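Written below as structure tokens is the structure these notes are about.
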Amino acid sequence: MATPVKVHGPPLSTAVSRVLACLIEKDVPFQLIPVNMAKGEHKSPDFLKIQPFGQVPAFQDEATSLFESRAICRYICEKYPEKGNKGLYGTNPLAKASIDQWVEAEGQSFNPPSSVLVFQLAFAPRMKLKQDQSLISQNEAKLEKVLDVYDKRLGESRFLAGDDFSLADLSHLPNAHYLVNAAERGELFTSKKNVERWWGEISSRDSWKKVVDMQKQST
Amino acid sequence: MAAIKVHGSSLSTAVQRVVACLYEKEVDFQFVAINMAAGEHKSESFLALNPFGQVPAFEDGDLKLFESRAITYYVAHEYADKGTQLLIPGSNKEAAVLQLWAEVEAHQFNSPASALAWELFYKPIFGKETDTAAVEENEAKLGKVLDVYEIRLTESKYLAADYFTLADLYHLPNLQCLLGTSAKKLLEARPHVSAWVEEITVRPAWSKVLAMQKQ
């Protein structure tokens, strides 16, 4: 029997939870290895060997080490095409191209403003750090524009890349979850009809509920 | 008439990323110039190709795509047998290493590099004033990223493999901008990074991309 893959990092980390969601969707057994970031474990020489940028997650599959959550997710989907959700990364090249397009849109357009907002609104207060109001307003405005594009798209298509839930939708779960549940920014999603419908669908998936449970249990 | 169309401006780094890939793959394409100064990228007809109103937009027959890294990934797979091998065929693990360094470009390198390109390369062209604080901040960030690259490039000839792949190609547009500015010192200060930059920027396919800008 193959050794379970290892994910290093706290489930509260958005990038770590992206990988966990993918592993659970694909029904791939894994071992979660805690990394004590408060103690700077992610900057230790041992950790830097598996993630030279000193960030989480790091990932190991036997002798292979990987990092960057979206690369890890694609690797999991490519290695285990027949397990769990078979269509998560598409079952043909055209489907995959569309999924890649929306994973890139998430990474390039949704992630930057939403990450700033998650940090400023959900993490900074809990870490007793001062919030930057102008950064918050700027990024709310940016994210609104991005979600306007999403709303139009989701009026034409059930999920971002097509008719089926995919890695593209999954990629959004971590930041969106915090915006809705820990930053009081649910209105960003509920004020747009199609985005609201889409968010309701993707956030109620069993796999995401399990990740949220893991996050709660880790506190 | 080529089945492949790239809509954009030759000044755009994202457009250059796609065009570099097409030249490497020796695949015919039609370049459809988009007049960004006139706001053409926000027109209804362009938004139908890229709903974010950004360049490039891409067509291959009926297939329409946006996001330069998704487009190039599609091209590299679809035309795997043509031109330069830009992927790592074979095991999932090796392919994943390419994905990893492509993500590093997108999420670690691109932000500070394009911020510096904007401040030091584009703003002077558009007659705008450089923000020196932004330059300092992004030089520090990019320096840290390049420190990781320096170590990686002592272990590996190119980022993802012993040969040039998409992961290296993704860096070309912003690297070229930086070479034309004072920020090139960050590249020159690191011997393996410097050698890598020199090698990849003299590739014939990249020279063709540069030639397009002169037209």
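The values are calculated or read from the model by the stated rules, or taken from the named source; none is laboratory data. Because the structure is predicted, anything quoted here is derived from the model rather than measured. Note: ideal-geometry Cβ built from the backbone for every residue, glycine included; neighbour counts use all protein chains shown.
Can you name the residue in the stretch A:84-99 that is farther than 15 Å from A:D163 by Cβ and not in a loop (DSSP other than H, G, I, E, B) and is also nearest to the other protein chains (Cβ to nearest Cβ) among such residues? Selected residue: A:A97.
Say we look at the stretch A:6-34 and pick out the residues that are outside any loop (DSSP other than H, G, I, E, B) and within 14 Å of another protein chain (Cβ to nearest Cβ); which of these is nearest to the chain's Cα centre (by Cα)? Show your work before the answer.
Keep residues of the stretch A:6-34 that are outside any loop (DSSP other than H, G, I, E, B), which gives A:6-8, A:14-25, A:30-33.
When the remaining residues are screened for being within 14 Å of another protein chain (Cβ to nearest Cβ), the result is A:14-15, A:18-19, A:22.
Details: A:T14: 6, A:A15: 5, A:R18: 3, A:V19: 7, A:C22: 9 Å.
Result: A:R18.
Please go through the stretch A:35-78 and give me each residue that is more than 13 Å from chain B (Cβ to nearest Cβ) and touching a residue at least 40 places away in the same chain (Cβ under 8 Å), ordered by number.
A:V56, the sole residue that qualifies.
Only one entry in B:A48, B:A106, B:A102 is over 26 Å from B:G180 (Cα atoms) and within 12 Å of another protein chain (Cβ to nearest Cβ), namely B:A48. Of the residues making up the stretch B:191-211, none is in a loop (DSSP other than H, G, I, E, B), assigned by TED's automatic domain parsing to the domain that holds B:E137 and touching a helix residue (DSSP H, G or I) at 6+ places or on another chain (Cβ under 6 Å).
Can you tell me which of (1) in a loop (DSSP other than H, G, I, E, B); (2) farther than 20 Å from A:R70 by Cβ; (3) of a type outside the set (A, V, I, L, M) is the one A:F165 doesn't meet? Against the list (1) in a loop (DSSP other than H, G, I, E, B); (2) farther than 20 Å from A:R70 by Cβ; (3) of a type outside the set (A, V, I, L, M), A:F165 comes up short only on (2). The sole residue among B:E129, B:E119, B:E94, B:E139 that is within 14 Å of another protein chain (Cβ to nearest Cβ) and out of contact with any strand residue (DSSP E or B) (no Cβ under 6 Å at 6 or more places or on another chain) is B:E94. When the helices (runs of 4 or more DSSP H) confined to the stretch B:17-131 are screened for residues that are without any contact (Cβ under 8 Å) to a residue 40 or more places away in the chain and under 13 Å from the mean Cα position of the chain (by Cα), those reaching at least 1 such residues are found at B:68-78, B:92-104, B:110-116. Just one of the listed residues (A:P81, A:P112) is more than 9 Å from chain B (Cβ to nearest Cβ) and either in a loop (DSSP other than H, G, I, E, B) or not aromatic (F, W, Y) (or both), and it is A:P81.
For the stretch A:80-107, a residue qualifies if it is in contact (Cβ under 8 Å) with a residue 40 or more places away in the chain, more than 23 Å from A:L154 (Cα to Cα) and charged (D, E, K, R), and exactly one does: A:K83.
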